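The values are calculated or read from the model by the stated rules, or taken from the named source; none is laboratory data. Keep in mind that what you see is a predicted model, and the values were worked out from it rather than measured. Note that we place each Cβ from the backbone using ideal geometry, even for glycine, and neighbour counts take in every protein chain shown. SASA here: full protein model, heavy atoms, side chains in, ligands and nucleic acids out. Shrake-Rupley method; radii C 1.70, N 1.55, O 1.52, S 1.80 Å.
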Amino acid sequence: GFLEFREFDAALVDLLEPGRPDHNKIDEGFTVGRRALFDRYDHDTSDSLSFEELVNAVFGLTPNASADRESRRMLERLRAHVAKANGVHGIRNLGLNLRILDERNTGALPVKEVLYALEDAGSRMTPDEKNLVAKYFDLEQSGFVDV
């Protein structure tokens, strides 16, 4: 089965605050944090978690670059920059923009275009951070990133 963010969020609130009667009256800042956690586990960016994604993310049963401390820090900085520049839905909008840039519908973009899109979305990166982003997203070292 699959788990939507609404269900994931309600389950976390139940775990963290048992007996809370109204899930809608929760501090927005904490909701943003739970959304970031959900997005970290949603590897295929489908906006739902499969059982496999959740189990692998929580229990670390498969290797994941986001488990690497340096990569995780870099991703958190990127998310923070994009969120600061574009609000709560900045990451989702970035994903949409990347798919729009894929004019040929190949499902992949050159790394340079992805880096440009990240900077356009509000992320400011050093050359070392750009290299780390390229390494993180270009898993096959082909010069392209799946979008």
Scanning the stretch 98-112 for residues that are open to solvent by 80 Å² or more (accessible area, probe 1.4 Å) and closer than 19 Å to Tyr136 by Cα, the one farthest from the chain's Cα centre (by Cα) turns out to be Lys112
Quick check on the stretch 72-87. Is at least one of its residues assigned to a helix (DSSP H, G or I), among the β-branched types (Val, Ile, Thr), open to solvent by 30 Å² or more (accessible area, probe 1.4 Å) and touching a residue at least 40 places away in the same chain (Cβ under 8 Å)?
no
Determine whether the stretch 42-54 contains at least one residue that is surrounded by 14 or more Cβ atoms within 10 Å (Cβ to Cβ), in a helix (DSSP H, G or I) and at pLDDT below 85.
yes
Restricting the stretch 113-135 to residues that are in a helix (DSSP H, G or I) and of a type in the set (D, E, K, R), the one surrounded by the fewest Cβ atoms within 10 Å (Cβ to Cβ) turns out to be Asp128
